[in-house]
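Read-outs: derived from the displayed coordinates by stated rules, not from any lab. These numbers come from a predicted model, not from an experiment. Reconstructed Cβ throughout: ideal geometry from the backbone, glycine too, with neighbour counts over all protein chains shown.
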Amino acid sequence: MESDLWICCCELHFGLRGVRLEHSVASSEDEEWYVNGSKHLNLSLVYGNGCNNRTMERLKSRAQPVRRLWLCWLRPLSKHKHDDHCFLETIANVVTSLPFIFVGLQAPRKKTVSKFYADSLIGVGAASSLYHASRGKARQLLRRGDYTMIATSALCLSRALLQSENWKGFFACSAALVPFQPFLVTILHTGLTEATFARRVQTQPLLKPAHNLHTISSLAGATLFLADGLYPQTPYLHAAWHLVAAVSVLTYNKLLE
Ligand SMILES: [Zn+2]
């Protein structure tokens, strides 16, 4: 599906208003990306004007990774039509969701906010297992549930780490956004947690081994996540990402002890 007349339409069912991503290459010079009908990226700017055919082809092949990364970035929010390659991969995706439940059961529960976080992790494992085991119409709904639980968990963790009154309004706004923009909430609160982890390591050297393991597993997780988006035909990348992400999340428990 990479020809010049390739048209990609992904309807992203998020929020009250869905996001519609369209990509079209109408001619050799115009390659445009639309989000909700508005032009979002025009690769003809990358190609430049007045190129001869050979230069154009070379630039287009260079732009291919940009296109794939763009899709990969939006892929987690898009409608998957071919998630699993075979039944064994479905089993692998379901089984590798279960470690999140284990991590949730192991998480400290000293305070109410920590309890919420621990329970949200159990929810992440359960929602992910249900989504990966599902088929048919329920799959889209369960996929949304999967993202919503991940965002809720990211929010609960940063709330457990940042309990100052000053943050209350920010957390209330984030909680309101979870059903509509789960991906944004996940990124925002994971960033906050990462900054807190890095800062705490400076004052608590005992956290250093956990932080080192966290850094390695997070980098491996990011690589697998990108690889899953860039090479969707490769099986078991998603299951491998589940496992590495579970290790990364496990190290957060040290922050709550
Ligand atoms: Zn998954």
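For the pair residue 170 and residue 138, label points projected 7 Å from Cα toward Cβ lie 3.9 nm apart. In terms of other Cβ atoms within 10 Å, 89, 165 run from fewest to most in the order 165, 89. From least to most packed, judged by other beta carbons within 10 angstrom and beginning with the fewest, 180, 225, 87 follow the order 87, 180, 225.
Taking N as the number of residues in the stretch 78-158, what is its alpha-carbon radius of gyration divided by 2.2 N^0.38 Å?
Values: Rg = 13.6 Å, N = 81, 2.2 N^0.38 = 11.7 Å.
After normalising by residue count via 2.2 N^0.38 Å, the value is 1.16.
Pairs of Cα atoms in the stretch 145-257 fall into 10 Å distance bins, from 0 up to the last occupied one, in shares of 14, 40, 34, 11, 1 percent.
Taking the Cβ of residue 211 as the centre, find all other residues whose Cβ is under 12 Å away and add up their charges (Lys, Arg: +1; Asp, Glu: -1). For residues surrounding residue 211, the net value is +3.
Across the stretch 99-113, computed HN-Hα scalar couplings (Karplus, 6.51 cos²θ - 1.76 cosθ + 1.60, θ = phi - 60°) run x, 5, 5, 4, 4, x, 5, 7, 5, x, 10, 5, 10, 4, 5 Hz from first to last residue, x flagging Gly and Pro. Cβ crowding within 10 Å ranks 131, 231, 236 as 231, 236, 131, fewest other Cβ atoms first.
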